[in-house]
Every structure is written in C-alpha cells, then in structure tokens.
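One structure below.
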Amino acid sequence: MKGKVYIVGAGPGDVRLLTLRALTVLQQADVILHDDLVSEEILALAGPGQRLRNVGKRCGKAGTSQGEINSLLIRHATEGLNVVRLKGGDPLVFGRAGEEMDALRAGGIDFEVVPGVTAALAAGAAVKVSLTDRRWASQVIFVSGHSCAGHPRTDWRAVVSARTTIVIYMPGQNHGTLAAELREAGLSADTPAILVSRAATREERIYRTTVGDLPWAQRLSAPTVLLIGATLREAAESTPAPVHECVEQELSK
Ligand SMILES: C[S@@+](CC[C@H](N)C(=O)[O-])C[C@H]1O[C@@H](n2cnc3c(N)ncnc32)[C@H](O)[C@@H]1O
C-alpha cells in the first residue's frame, strides 16, 4: 500500500506558530524532507525514529534539485512511507509546492496540504499593522523581489496601485535599484516602507523607512520581507521608535 505525502507549512520560525495539524503529521511521519528556512526548534519536534533530510536549495543552485525532490517524494510514498514535505511559512506561497503537487498527481500519490503562517502575516504582526486597514488599503499584494534565471522580472507597474499594501518577499540587498524601480512605477518618495528581518524569531529586527530613503536602509540579516504602503504610516507614527531606527524585539517568553 502506498504512503501519503503531507505538504506542510512550518510558519516563520516560532514553534508556537505551528498548527496542531502540522504537529500531528510531523510526529507521525516516517520521513521528513525539509527546507533551509525551517527552524531548529521545529525540526527538534521530530522523533528519533524519523528520517530527517534537508533538501533546501536557493534558486535551484545548491542542494537537492527540484526534480530530485519530486522523485524522493514519489519514491518514499511508493515504498509505503508517510512523508512530510516541510517548508518555511506557508507551503503554497513562493514555496514551489505547485511543481511538487503536479509530480504527486502524475505519480498517483495521495497528498494533503497543511497551511502555515506566511512571512507577510508574521511581519504584519511584528509591526502591529493591519495590511488591509480599510482607511488606507483595499488590497494586499505578495510579490517576489527576486526572479530566478529563466523567469520573467517583476513588472512593478502592474504591482503599484492606489490603496495597496505591497509585501515584497526576497527583496534582496540592492535597495537602491528596488527603490528606483518602485519610484519609476509610480510610488511617491514618502510612501512608508518597513523591512522585517527574521519575523517571529528571537532575532527579529524591524527597520522603518520610506521608499525615497530605502537606498540608505540598514542591511538586515536574511530572511527579510519589505512592507510598503500608506497603511504603514500609522504604525510608523504611533510607535515610540523613530523612523529609521532599527528596533530589536525580543519574543515574549
Ligand atoms: C522561498 S520564500 C518562502 C516563503 C514562505 N513559503 C512563506 O510563506 O513565508 C523565502 C522568503 O520568504 C521570506 N521569509 C521567510 N521567512 C521569513 C521570516 N521569518 N521573516 C522574514 N521574511 C521571511 C523572505 O523574503 C525569504 O527570502
């Protein structure tokens, strides 16, 4: 009898943000194939008899190729094993789950998706701002700031529009180019921007700036997301930290 594959979101890092369903399938799995971004605390939940393998990769370069990961999922499930494919955040947000689900469907393997807290929502919680505050925004866009080779570059004109909060995943460290592209696409220099590094971890950092001042923003440790939009103005003005100051927020014990 074939096993089943669980494509699971591990959330942004804090073990307390893992869903109960994720914890259950994690503890019952025979094999766990995980990404780089999954925190040590979460990996520590695996039992001694469970096979744990890091299949992390960055933009298809290092580690295990997407094709190999797909084959591993199918092979283990065909052997009758229950497999957890553990990804940071939510597995369906910039997580290549689409390719894995296609492979599983083609291989006739049963699978389930267990959602997780995506980085954008963890960052919104960190800065205590509603990404869709009805006074400032009627939509939120999750966009990748980084394109892998062979994929189209982000069309910022299609992203920038009124009453929109933009969350840029993988914003990179070239803030000058990014700011220039955002300005060219129509964002004004005084649009608030907040970088959130390692949201929902003990190393969480928050840096408030504007699109105009983004080129001079402090370089924060990856992973980071960049939040942009008028809805952030209130957060910047109502918090004790002055604009441009990097704030360290310890997780409550
Ligand atoms: C390949 S994407 C995976 C996204 C993930 N599936 C999610 O839903 O959050 C990796 C990017 O997610 C963002 N990210 C993931 N975890 C983060 C965290 N704890 N804090 C800030 N950004 C994070 C960063 O932009 C990072 O470069």
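Each value in this text was obtained by applying a stated rule to the coordinates, not by laboratory testing. None of these values were measured; they are calculated from a predicted model. A quick note on method: Cβ atoms are made from the backbone with ideal geometry, for glycine too, and the neighbour counts reach across all protein chains shown.
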Quick calc of log₁₀ I(q)/I(0), the range 1-152, Debye, one scatterer on every Cα, no solvent, q values 0.16, 0.18 1/Å, result -0.89, -1.08
Computed Kirkwood radius, in angstrom, where 1/r is averaged over Cα pairs of the range 82-186: 16.1
With Cα coordinates, the longest principal axis of the chain makes an angle with the long axis of helix 66-78, in degrees rounded to 10, of 40
Could you work out the relative contact order of the range 124-233, using alpha carbon pairs under 8 angstrom and six or more residues apart, expressed as a whole percent? 31
Report, in degrees rounded to the nearest 10, the 0 to 90 angle that the Cα long axis of helix 175-184 makes with the longest principal axis of the chain. 70
For the range 156-224 and the range 60-138, what is the separation of their Cα centres, given in Å? 24
Proportion of all alpha-carbon pairs of the range 68-129 beyond 20 Å (%): 35
The chain: relative contact order in percent, alpha carbon pairs under 8 Å with at least 6 residues between: 19
Output the Cα-based Rg and Dmax of the range 1-86 in Å, rounding Rg to one decimal and Dmax to a whole number. 12.5, 36
May I ask which residue of Ser147, Pro192, Leu81 lies farthest towards the positive end of the charge dipole of the chain, with charges of +1 (Lys, Arg) and -1 (Asp, Glu) on Cβ and the Cα centre as origin? Leu81
If one takes the longest principal axis of the Cα atoms in the chain, at what angle in degrees, from 0 to 90 and to the nearest 10, does the Cα axis of helix 97-106 lie? 30
What residue among Ala119, Ala97, Ala193 shows peak mean-square fluctuation when the chain is described by a Gaussian network model with Cα springs under 10 Å? Ala97
